[in-house]
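The values are calculated or read from the model by the stated rules, or taken from the named source; none is laboratory data. Every value quoted in this text rests on a predicted model; they were computed, and no experiment measured them. Neighbour counts run over all protein chains shown; Cβ positions are idealised from the backbone, glycine included. Side chains included, ligands, DNA and RNA excluded: accessible areas come from the protein's heavy atoms. Shrake-Rupley method; radii C 1.70, N 1.55, O 1.52, S 1.80 Å.
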Amino acid sequence: MTGVAPQSGGSDFVQVGATRDGLDPYLDCARSRRMRAVLVETASYLRRRRDLGRRQFDVELAVSRPEDPRQVIAALAEAGIAPALLLTGFERYVDAAFTAARSLGTAPWPRMGATFEPLHKQEQRAALARVAPELPQPRSAVLAADGGVSRTDLAYPQVVKPVDGGGGLGVLLAADEAQRRQALSVITGLRNYGGASFEAVITEEFVRGPEVSLQGVVRAGRVYLLSVCHKLTAVEPQDAPGATGLSGFREIGHVAEHGDHADAALHRLARSAVEAAGYREGPFHLDAILGDAGPVFVEMGFRLSGGGLVALVAASTGMDWADIAVRCHLDDTPPALLPPRSRRGVAGQVSLTSPQELAVAEAMADVDPDVRMLHLPAPPERDLPAVDRAALASDVLRHAGALGRLLITGDHVDEVLKNLRSVVADRWEG
């Protein structure tokens, strides 16, 4: 896309894509700064937000394809919006948000990297291999339309997933070649958020080991880690048509502690991944598996995490991840991170999906001040309008069914993990 003249005197905050976890941290930042808050989304998901009782932005603009920066820019121009800052709220729309910011000449451009473009999963792997070839990664390849690959050295089991998916959408475990072809067929039958097709599908060797994620901010190319999260991941049988025998993955919880507790290898991995991506300023998160040879890079995102992690970072560290990122972009100041807490510096959460789990969590919250419950509103009990079914199919598949979220604080990771596991033991085998 060709650039346009930079905006001058903009005062609005623009978010491309709504969050899916019930939190709106950038909306809070905009309100605290008395900025007009603008949300660009599909008409279907704007209706979905209203059904879920989410807070409204000052201006909500419906476009048919928020992943298309041309539509984002046209909608802003038609509404007379002059952005001072333009960020994304959801993984699907990261590319559109950065492209629109660069084209409009508005923050976070150019400090994010004047020519920065967010890389998809396979591009991230290739870039990291060039910058730090010694860092372990799963061997991977792009799948052809018939399910074949250009390399024969990939061992099973394998993880099959879209290169441009998010929120665990279409991530399947294949035990052999037949299941890999089956997984490709299932993913091909899915649609990305908003209803579009996936760009491509990759397969990678499954790496066994504990999963972790890092939450941080980049400023002038320097990486600041706010927290490290230990993941609770369930392997679930798939009930989609044609998925007999296949399993998928779902993150059901996290335990967070201060980023200073991440070991040197994780800090190095974060620095190398950020350098490889050419990302100079903004929030990021990174997923890794703790393998025998050290942390194995999985993927990174150039935004705040979803899944309630913004609140979990605050509960474990006392730091507001969104506010720190916005200050970098608008105030031209480096992050001032708080030191680790001496007590209650660990916070964990799990999603609750059954009345039984809700009852156990509520009983814990009634007697323990370190336990808090958040009830999540359910969508109205009615069928989606026909006009919304295709656009919201992936949202219903990945972001429906949670009844609440349980948050536990403590002094030690093992202590918090044990308490969380007691609530979701039937779903989590980790």
When residue 73 is evaluated against the numbered criteria (1) at pLDDT 95 or above; (2) assigned to a loop (DSSP other than H, G, I, E, B), which criterion, by number, is the only one it fails? (2)
Given the criteria basic (Lys, Arg), within 30 Å of residue 344 (Cβ to Cβ) and out of contact with any Ser or Thr (no Cβ under 7 Å at 6 or more places or on another chain), does residue 222 qualify? yes
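Inside the range 238-283, can you point out the residues that are among the β-branched types (Val, Ile, Thr), modelled with pLDDT of 95 or more and assigned to a strand (DSSP E or B)? First the steps, then the outcome.
Residues of the range 238-283 that are among the β-branched types (Val, Ile, Thr), as a first pass: 244, 252, 255, 274.
From the residues that got through so far, the ones that are modelled with pLDDT of 95 or more too are 255, 274.
Residue satisfying the conditions is 255 alone.
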Picking from 290, 286, 304, the residue that is surrounded by fewer than 22 Cβ atoms within 10 Å (Cβ to Cβ), of a type in the set (A, V, I, L, M) and out of contact with any Asp or Glu (no Cβ under 7 Å at 6 or more places or on another chain) would be 290
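Identify, from the list 114, 174, 141, 183, the residue that is under 25 Å from residue 245 (Cα atoms), surrounded by fewer than 22 Cβ atoms within 10 Å (Cβ to Cβ), at pLDDT below 95 and not polar (S, T, N, Q).
Within the list 114, 174, 141, 183, the selection yields 141.
Check the range 213-232 and report whether any residue there is at pLDDT below 95 and under 20 Å from the mean Cα position of the chain (by Cα).
To start, the set of residues in the range 213-232 that are at pLDDT below 95 comprises 231-232.
Then drop every residue that is not under 20 Å from the mean Cα position of the chain (by Cα), which leaves 231-232.
Looking through the range 213-232, at least one residue is at pLDDT below 95 and under 20 Å from the mean Cα position of the chain (by Cα).
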Right, residue 217: in contact (Cβ under 8 Å) with a residue 24 or more places away in the chain, touching a helix residue (DSSP H, G or I) at 6+ places or on another chain (Cβ under 9 Å) and assigned to a strand (DSSP E or B) or not? yes
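Checking the conditions here, which among 65, 47 is open to solvent by 30 Å² or more (accessible area, probe 1.4 Å), in contact (Cβ under 8 Å) with a residue 40 or more places away in the chain and assigned to a loop (DSSP other than H, G, I, E, B)?
Result: 65 is the single residue among 65, 47 that is open to solvent by 30 Å² or more (accessible area, probe 1.4 Å), in contact (Cβ under 8 Å) with a residue 40 or more places away in the chain and assigned to a loop (DSSP other than H, G, I, E, B).
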Scan the range 328-367 residue by residue and report those that are exposed (fewer than 13 other Cβ atoms within 10 Å of the Cβ), closer than 22 Å to residue 412 by Cβ and not hydrophobic (A, V, I, L, M, F, W, C). 339, 342, 343
